[in-house]
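Colleague: Got a structure for you, questions after.
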Amino acid sequence: MLDRSRMKFDPDDAGLGAALRGLPAVEAPADLWSSIARDLPGRQAVSRRRRIAMPLAAAASLLAAVLLWLPSRPPAPTPGDTVDASVAATADAETERLRARSQRIEQWLAALPAASQQDGRNLMATVETEDLIALVDMQLGAARSAEEALPLWRQRVALLEDLAVIRSTPYGLSGDRSLADASTGDVTSL
Amino acid sequence: MSTHSFQIDVPETVIARARRGEVAAFEQIYRAFERPAYTLALRLTADVEQARDVVHDAMLRVFDRVRQFRGDAPFWGWLRQIVLNEALMRLRRGRALTFEDVPDDESLPSDAPAPWLHADAHLLEGALARLPAMTRSVIWLYHVEGYTHVEIAEMTGMTTSFSKSQLARGTSRLRKLLQPTAEVAPCLTVPA
């Protein structure tokens, strides 16, 4: 993974890498494992519950996906709609809509089986997206007005939609469409 | 292989047991990776409490998701990425991973020997900790973990050229901080 095509070779630069790699590894605190182990049982209980609920959740997820995607599609425009839409588009209303959509996607995600198979890339994408959502949540917590919060809600919904696609197509990023389609049904066509 | 190396093979049987939720297998995985994980977290955060929290949360995340690991990539790489994401996430939350300009330092003669070639490990650790979090992270990820500028740019949300410039400026700053005779004003602070 080393970037061999770096700008220009500098012996000092290489020396720095060697010096840093030569630094001693640091011992983790002795009580760290016990603190991790303390937090494990609850998480395992959650996982066990998810395993039990898996067959039901798998069936429910496809139905939920249909319900989830349908409301996001704009209705076919009619001549009178343009004026109405521009009047109704206040920050508060849109925030409410985004908040509700965000909640729906989260409920759908929560119903997904935890043990669904994901390849390494999908798993990392899931972790990354969840981290970004956490970051947006923190920013939302600090937002001082609806105007400030609105773009963050848009971002949150977009990230949740990404997450829904990643979670519902376990092999999607691996490029193996046959696996993806076989494992979930073709969610992308919803 | 570096003493920080994550490149530890975990037997399939241990991963399988961890997938079944056996805490003893989790502990085996934790024990194998506690040093490289904690070292990476500490080098990036330069704070023992934050490093502890990073490893704690990252390990819980590993344990939570190990059943989803398919094994088409090395387990160590997957685990390292989780620790790294957790550390970068924590730095972002604390707003430590924001741009902080590191000035070019041209006061040193260009033919001066690189000070890290003979620097005491303690001094080098101290100098590294005094760099801004972004600069320190770029230097560590590039030199020790072996990530490319493109990969670092993706992880930090910056551009490739920004990563390169942070590396160059950080290297220059480290040189200055490690000069035995130089009086370095404590103008760089490590965000808590």
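Colleague: How many of the residues making up the range B:116-146 are facing chain A (nearest Cβ under 7 Å), in a loop (DSSP other than H, G, I, E, B) and open to solvent by less than 10 Å² (accessible area, probe 1.4 Å)?
Modeller: 1
Colleague: Would you mind stating whether B:Leu97 is at pLDDT below 90, assigned to a loop (DSSP other than H, G, I, E, B) and surrounded by fewer than 22 Cβ atoms within 10 Å (Cβ to Cβ)? Talk me through it step by step, then tell me what you get.
Modeller: Values: at pLDDT below 90: yes; assigned to a loop (DSSP other than H, G, I, E, B): yes; surrounded by fewer than 22 Cβ atoms within 10 Å (Cβ to Cβ): no.
No.
Colleague: Continuing with the same structure: If only one of B:Ala18, B:Ala37 is out of contact with any Pro (no Cβ under 9 Å at 6 or more places or on another chain), in contact (Cβ under 8 Å) with a residue 40 or more places away in the chain and within 16 Å of A:Asp39 (Cα to Cα), which one is it? First the steps, then the outcome.
Modeller: Details: B:Ala37 fails: within 16 Å of A:Asp39 (Cα to Cα).
Every option except B:Ala18 fails the conditions.
Colleague: Name every residue in the range B:43-75 that is over 16 Å from B:Ala129 (Cβ atoms), touching a residue at least 60 places away in the same chain (Cβ under 8 Å) and outside any helix (DSSP H, G or I), in order of residue number.
Modeller: If the condition is that a residue be over 16 Å from B:Ala129 (Cβ atoms), touching a residue at least 60 places away in the same chain (Cβ under 8 Å) and outside any helix (DSSP H, G or I), then B:Pro74 is the only one that fits.
Per-residue answers, yes or no, for (1) modelled with pLDDT of 95 or more; (2) of a type in the set (S, T, N, Q); (3) surrounded by fewer than 21 Cβ atoms within 10 Å (Cβ to Cβ):
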residue	(1), (2), (3)
B:Ala24	no, no, yes
B:Ile29	yes, no, no
B:Ala46	no, no, no
B:Val54	yes, no, no
B:Arg61	no, no, yes
B:Asp64	no, no, yes
B:Phe69	no, no, yes
B:Pro74	no, no, yes
B:Gln81	no, yes, yes
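The values are calculated or read from the model by the stated rules, or taken from the named source; none is laboratory data. Since the model is a prediction, treat every value here as computed from it, not as a measurement. Glycine gets a Cβ as well: all are built from the backbone with ideal geometry, and neighbour counts include every protein chain shown. Only protein heavy atoms, including side chains, enter the accessible area calculation; ligands, DNA and RNA are left aside. Shrake-Rupley method; radii C 1.70, N 1.55, O 1.52, S 1.80 Å.
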